[in-house]
Amino acid sequence: MSKRVFGLFGTGGFARETMPLAMRTLGREKPPSIGDFKFVDREAADPLNGLPVQAEDDFFAADGLKFFNIAIAEGELRRKIATRAIERGAIPLALIAPNTTIYDENVLGEGAIICANSMITSNATIGRFFHMNIYSYVAHDCVIGDFVTFAPRVCCNGNVVVEDGVYIGTAAILRQGRPGKPLRIGAGAVIGMGAVVTKDVPPGVTVVGNPARPLEKKGD
């Protein structure tokens, strides 16, 4: 039987928080368990929390069946890494905390990281490599794009569309949309920490505050 290896891309705080989740879920699967866990970065580095940090090229070149996920908040960087990893034969694995609540009729794309005490209710469609940090929720009839990041305690109420590459900061609230007229967060938008979003956000725009408004640049 081929050796099974799991590589977690990233070495920052979220990666260090995510690796125990990977080890406690993937390491217990039978048959067969994954017994070899490592962090993966562009270059090799000193061990991190007792585990090796392997260079990306070495990870791909090693023997065995390689699985991966990406614990990096920036959606565009996550997309590039996922594309490289899949092209080089690695297999994405979702990481879902045991105390996550997920109800019925949801669609969850590959490579998700769903952290502890999070909730997805019903009839949500969620894209690839979604990050859902602790105490966040996605309510009914939401559509979440690819490489979207929810920081801790994000409240995404029903009938909301979040397009690709959006970053939503800690404790932000997205108000309830309506059937046929969802609240829409455009691709690449950034929702600031604690923002209360009551209106659509155009693509690429950063909004902050309550109610959320576009961030004013210095000198404007």
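Relative to the longest principal axis of the Cα atoms of the chain, the long axis of helix 75-87 makes an angle of roughly 40 degrees.
I need the semi-axes of the equivalent ellipsoid of the stretch 149-220: take the C-alpha gyration tensor, multiply each eigenvalue by 5, square-root it, list largest first in whole angstrom. Walk me through the numbers before you get to the answer.
Values: eigenvalues 68, 34, 26 Å².
Here the semi-axes work out to 18, 13, 11 Å.
Run the numbers on the stretch 1-128 and let me know its relative contact order in percent, using alpha-carbon pairs under 8 Å that are six or more apart.
Values: 232 pairs, mean separation 28.7, N = 128.
It rounds to 22 percent for the stretch 1-128.
Taking the C-alpha atoms only, the angle from helix 13-26 to the longest principal axis of the chain is near 60 degrees.
Counting Lys and Arg as +1 and Asp and Glu as -1, each charge on the Cβ, what is the dipole of the stretch 75-124 about the Cα centre in debye, to the nearest 20? Show your work: numbers first, answer last.
Values: 5 positive and 5 negative charges, 74 e Å.
Once rounded to the nearest 20, the dipole reads 360 debye.
Mind listing which trypsin sites (Lys or Arg not before Pro) in the stretch 175-220 are in a DSSP loop and have 16 or fewer other Cβ atoms within 10 Å?
On the way: sites: ARG175, ARG184, LYS199, LYS217, LYS218; in loops: ARG175, LYS199, LYS217, LYS218.
Listed in order of number, the matching sites are LYS199, LYS217, LYS218.
Projected onto planes of every orientation and averaged, the convex hull of the alpha-carbon atoms in the stretch 75-130 covers 4.1 nm².
Contact order normalised by length for the chain, with contacts defined as Cα pairs under 8 Å and 6 or more residues apart; what percent is it? About 11 percent, as a whole number. With only alpha-carbon pairs counted, each pair once and no self-pairs, how large is the Kirkwood hydrodynamic radius of the stretch 26-130 in angstroms? The answer is 15.3 Å.
Determine the dipole magnitude for the chain: charges of +1 sit on the beta-carbon of Lys and Arg, -1 on that of Asp and Glu, nothing else is charged, the reference point is the Cα centre, and the result goes in debye to the nearest 20. Walk me through the intermediate numbers first.
Numbers: 24 positive and 23 negative charges, 86 e Å.
Charge dipole, the chain, about its Cα centre: 420 debye, nearest 20.
When you work out D = kT/(6 pi eta Rh) for the chain at 37 °C and 0.692 mPa s, using the Kirkwood radius from C-alpha pairs as Rh and the Stokes-Einstein form, the result is 183 µm²/s. Expressed as a whole percent, the accessible area of the stretch 104-220 that falls on carbon and sulfur atoms is 55 (1.4 Å probe).
For the stretch 85-161, report the accessible area per residue in Å² (1.4 Å probe, heavy atoms, rounded to an integer). Spell out each step's value before the answer.
Values: 2940 Å² over 77 residues.
Per-residue accessible area for the stretch 85-161 comes out at 38 Å².
What percent antiparallel are the DSSP beta bridges of the chain, to the nearest 5? Of those bridges, close to 10 percent are antiparallel. Under a Gaussian network description of the chain, with springs only between Cα atoms under 10 Å, the residue in GLY75, GLY177, GLY12 that fluctuates furthest is GLY12. According to the square roots a ≥ b ≥ c of the eigenvalues of the Cα gyration tensor, what is the shape class of the stretch 98-165, taking rounded for a/c under 1.5, prolate for a/b larger than b/c otherwise, and oblate for the remainder? The shape class here is rounded.
Think of a 1.4 Å ball rolled over the protein heavy atoms: the stretch 3-82 then has 50 Å² of accessible area per residue.
The sum of -39500 (n - 2.57) across all DSSP H runs of n ≥ 4, divided by the residue count of the chain, sets its helix-only mean residue ellipticity at 222 nm to -4500 deg cm²/dmol.
When a/c reaches 1.5 or more, the comparison of a/b and b/c decides; with that in mind, is the stretch 106-211 rounded, prolate or oblate per its Cα gyration tensor? Display every interim value, and only then the final one.
Working: a/c = 1.35, a/b = 1.19, b/c = 1.13.
Here the stretch 106-211 falls in the rounded category.
The values are calculated or read from the model by the stated rules, or taken from the named source; none is laboratory data. Because the structure is predicted, anything quoted here is derived from the model rather than measured. Neighbour counts are summed over all protein chains in view; Cβ atoms, including those assigned to glycine, are modelled from backbone coordinates with ideal geometry. Accessible surface is based on the protein model in full, side chains and every heavy atom, while ligands, DNA and RNA are left aside. Shrake-Rupley method; radii C 1.70, N 1.55, O 1.52, S 1.80 Å.
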